[in-house]
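Right, one structure below, let's go through it.
The values are calculated or read from the model by the stated rules, or taken from the named source; none is laboratory data. All figures in this text were calculated on a predicted structure; none of them were measured in a lab. Every residue, glycine as well, gets a Cβ built from its backbone with ideal geometry; the counts of neighbours run over all protein chains shown. Only protein heavy atoms, including side chains, enter the accessible area calculation; ligands, DNA and RNA are left aside. Shrake-Rupley method; radii C 1.70, N 1.55, O 1.52, S 1.80 Å.
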Amino acid sequence: MTLDWNVVWQHRGQLAAGTGTTVLLTIATMAIAVPCGMVVAALRLYAWAPVRAAATAYVELFRNLPLILVVFWAFYVLPIWTGLGLSPLATGLAALALNVTAYNAETFRAGLNSIRRGQVEAAMALGMSRAQALRRVIIPQALRRVLPVLASTWVSLFKDTSLVSVIAVSELAYVAMQVRAQTFRVLEMLTAMAAIYWLLGYPQAKLADWIQRRYAVSE
Amino acid sequence: MDFSVITDHWQFLASGVLVTLALSVASGASSIAAGFVVALARMHGPRWLRPVLVLYIDSMRAIPVLVVLVWTFFALPIVAGITMAPFFAALIGLTVHLAAYAAEIFRAGIESVRPGQTRAALALGMSRAEILRRIVLPQAVVRMLPAFGSFLSVTIKDTAIASVIAVPELMRQSETVQGQTFQPIEVYTFAMLLYFLLLFPVTRGVDLVYRRVAHLGRS
Amino acid sequence: MTSATVERAKGAGAKIIRYRGVIKRFGSFTALNGVDLDVHAGEVVCLIGPSGSGKSTLLRCTNGLETIEGGDIEFEGALLPKDDRALRAVRTRMGMVFQSFELFPHLTAQQNVAEGPRTVQKVGQAEADRRASAMLAKVGLADKAPNFPSALSGGQQQRVAIARALAMEPDVMLFDEPTSALDPETIGEVLNVMKALAEEGMTMVVVTHEMTFARRVGDWVAVFDAGRIVEQGPPAQIFEAPTTERTRDFLSHLGWSG
């Protein structure tokens, strides 16, 4: 068995581009899934019954499906439903966003619910409206509790972007496996792929830990 | 939409469900066992082992399941000079990845039992092993139930990724059927239904059990 | 029922709050079973009685945190409104202090006290800050203005909570067991603030277990039991010469010896 690690260096441009797509997908997904998650959480808590039920159904559905299946399903169904010819990248982004929005909605809902009832009562006793109490008292506190969980979701999302490789989106996993197929350098490319994910993911995981320690709320 | 494709191929898909179940149970059990050993070794093992285990746990937070599975199936045989069946490779890969998660659940659960409990048991003259076995672990197990509910859910979802290394579980079987019949919407929608029916009761079931026994874990 | 000849020290003032036959149920449990009580301007009315007798519930019905199933509550001559906007306006004229303080943990003491005037009464930042500083000084915590609640003791937090309610310039202050969650050493500082407030002529309704406070500072005491007022009268009567068995029982259980 002869190993040729040079192959990794030779294809560094492609690997870098793939990494860039991975990062882009992560950022774009969160950019969509955070505000959407807030909306869904608000709908679940405060909207009228049919809307609440629909929002809950959405959250429960996407929390109980494998993401890889959602990716495939989106690839075949979305073009038909929307009538648009979506690129694999857009499809992958849509699948990721649908999935992470559901998790974020649950995170935000739990965060909002974790604020003590007494806080709401104190706000109302001052004469605040529900909206004012939300804005000035509940949300600022909920944000603190939600941040560590969002950080953890981000770390998971970064790994999950690898799943859109199955619909040929040129993120890191796809690119690495393409190079493997072209060069037959299986061990080198797969190890390099793991190493790059490790190099990027490890610091992010540690950062999430730090956020967890810094913002942990003890009641 | 023509769902006759489902009835035509139901046995093929059913075999996929069986493999999904088998892989879930096997990798779930082995990763919980391995995770327990890792957690214990980390808390009570030799000092030099601790940073090694922490590195392992944190690395699994950084590297996607897909990457671990692909490396185990394609690269490990090259390094170890063996051949591996897809199911076995998936079992090893999933165990390695999930054991880290399980280890963290064990650690958090055990640490969450109040130190006062240990002190009280020491005052009664119990040995450390007895304390762990009779006082701390029983309480910790109750506290860990919700986290292990999520763990089970993640395990089942991760088996779907094993489709990438040709394990004939449900996801893979669905891909095969839709590849032959060109009816991806019906096939994948059916697969979604099956996964949901499998996953939803798991999380809800754990919730119910937890609510019944939660008082046993409060100190 | 109190004797018609019992004097009511401050009974000449306007009736700020009138409770007439107030009924409140939680599902099948009746928390208030026909409560009649008047609160006059400048009076300190203390509600005492065993836990679960309805005292706190009555207070929470007063500012609409709970809705009543029967009877009337009048505030300054008008029934408590059902309309949300009108109810909020009424709440700004009542100050409430909670057993668990409920300061907003993400705001400093100064910001906590200024929050009501700023957000609800919309007086502008400068005026809100002026009131906040004044009220914090009034409760003796001017130097703690930039501190967050987590840096304050229980007694200090409760005093800030009182300042927060006072900053709204209310016509009546409602205290829901204000010292029940405090360490014995800090109870005194809160009771002193309340005493000073009473001496200034603030109308107060106080749910409390501090019998000495009720005896010395209260103008009128109502004894609750199982959702009704079993006896009400001046503190001298309630504590020295109670007319009902229930009251005597309650006081003796507390070890009250006058």
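A few notes on this one:
- Extension gain for the segment C:E200 to C:T67, taken as residue separation times 0.36 nm less the Cα-Cα distance, is 44.8 nm to one decimal.
- Percent of beta bridges antiparallel (DSSP, the protein assembly as shown, rounded to nearest 5): 55 percent
- Accessible carbon and sulfur surface of region C:129-203 relative to its total accessible area, %, 1.4 Å: 49 percent
- For residues of C:62-69, the mean tally of beta carbons on other chains within 10 Å: 1
- All-pairs alpha carbon distance profile, region B:105-219, 10 Å steps from 0, percent: 13, 29, 21, 16, 12, 6, 2
- Solvent exposure of chain B, expressed per residue, is 48 Å² of accessible area, with all protein chains present and a 1.4 angstrom probe.
- Accessible area buried, both sides summed, chains A and B with 1.4 Å probe, Å²: 3300 Å²
- As computed over region B:72-171, the Cα convex hull volume per residue (Å³): 116 Å³
- For region C:141-180, diffusion coefficient by Stokes-Einstein and Kirkwood Rh (Cα), 10 °C, 1.306 mPa s, µm²/s: 143 µm²/s
- A:F75 accessible area, 1.4 Å probe, all protein chains in place, Å² to nearest 10: 80 Å²
- Rounded to whole Å, the principal axis extents of the Cα atoms in region C:44-114 read 40, 34, 23, largest first.
- Nearest 10 degrees, 0 to 90: helix A:172-183 Cα axis against chain A principal axis: 10 degrees
- Accessible carbon and sulfur surface of chain A relative to its total accessible area, %, 1.4 Å: 66 percent
- For region B:130-209, the carbon plus sulfur part of the accessible surface works out to 69%, probe radius 1.4 Å.
- Solvent-accessible heavy-atom area per residue, rounded to whole Å², over chain A at 1.4 Å: 45 Å²
- The equivalent ellipsoid of chain C has semi-axes of 30, 21, 17 Å, largest first, where each one is the square root of 5 times an eigenvalue of the Cα gyration tensor.
- Shown here is the pair-distance distribution of region A:135-209: with all Cα-Cα distances grouped in 5 Å bins from zero up to the longest one, the shares run 3, 14, 18, 17, 14, 10, 8, 6, 4, 3, 2, 1 percent.
- The label-point distance for A:Q182 and C:K15, in a model that sets each label 7 Å from Cα toward Cβ, rounds to 9.0 nm.
- The alpha-carbon atoms of chain A define a convex hull whose volume equals 147 cubic angstrom per residue.
- Label-to-label distance, nm, for residues given as C:A241 and B:V213 (7 Å Cα→Cβ offset): 6.5 nm
- Cα-based convex hull, region A:104-154, per residue volume (Å³, whole number): 62 Å³
- For chain A, the mean residue ellipticity at 222 nm estimated from helices alone is -26500 deg cm²/dmol, where every DSSP H run of n ≥ 4 contributes -39500 (n - 2.57) and the total is divided by all residues, rounded to the nearest 500.
- All-pairs alpha carbon distance profile, chain B, 5 Å steps from 0, percent: 1, 7, 12, 14, 15, 14, 11, 9, 6, 4, 3, 1, 1, 0, 0
- Accessible surface for B:F148 stands near 40 Å², nearest 10, in the context of the full protein assembly shown (1.4 Å probe).
- Rolling a 1.4 Å probe across all protein chains gives A:Y46 an accessible area of roughly 100 Å².
- Computed over region A:117-219, relative contact order equals 33 percent, with contacts defined as Cα pairs under 8 Å that lie 6+ residues apart.
- Normalised contact order of region C:156-258, rounded percent, pairs of Cα under 8 Å and 6 or more residues apart: 19 percent
- Entry note: region A:67-123 has Rg to Rh equal to 1.31, where both radii use alpha-carbon atoms and Rh is the Kirkwood radius.
- Mean Kyte hydropathy of 1.0 or more with a Cα span along the axis of at least 27 Å, helices from DSSP in chain B: B:10-44, B:86-111, B:184-213
- Residues of region A:52-71 buried by at least 40 Å² on assembly (accessible area, 1.4 Å probe, chain alone as reference): A:E60, A:N64, A:L65, A:P66, A:I68, A:L69
- Amide H within-cut-off set for C:G70, under 5 Å, with H built and near neighbours excluded: C:I23
- Qualifying GluC sites (Glu not before Pro) in region C:97-200, where qualification requires a DSSP coil assignment and no more than 12 other C-beta atoms within 10 Å, comprise C:E200.
- Relative contact order, percent, chain B [alpha-carbon distance under 8 Å, six or more residues apart]: 31 percent
- Ranking A:T26, C:T243 by solvent-accessible area of protein heavy atoms (1.4 Å probe, all protein chains present), from largest to smallest, gives C:T243, A:T26.
- Shielding value for C:119-125 is 3, the average number of Cβ atoms from other chains within 10 Å of each residue's Cβ.
- Heavy-atom accessible area, probed at 1.4 angstrom with all protein chains present, ranks B:R211, B:R61, A:R44 as B:R211, B:R61, A:R44, highest first.
- Here the scattering of region C:160-249 is modelled by Debye summation over its C-alpha atoms, one equal scatterer each and no solvent; at q = 0.13, 0.16, 0.25 Å⁻¹ the log10 of I(q)/I(0) is -0.47, -0.70, -1.35.
- If only the Cβ of Lys and Arg carry +1 and only the Cβ of Asp and Glu carry -1, the dipole of chain A around its Cα centre is close to 780 debye.
- Stokes-Einstein D for the protein assembly as shown, Kirkwood Rh over Cα pairs, 20 °C, 1.002 mPa s (µm²/s): 72 µm²/s
- Computed over the Cα atoms of region A:91-183, the ratio of the radius of gyration to the Kirkwood radius (Rg/Rh) comes to 1.26.
- Mean residue ellipticity at 222 nm, helices only, chain B: -25000 deg cm²/dmol; runs of at least 4 DSSP H residues each add -39,500 (n - 2.57), and the sum is divided by the number of residues.
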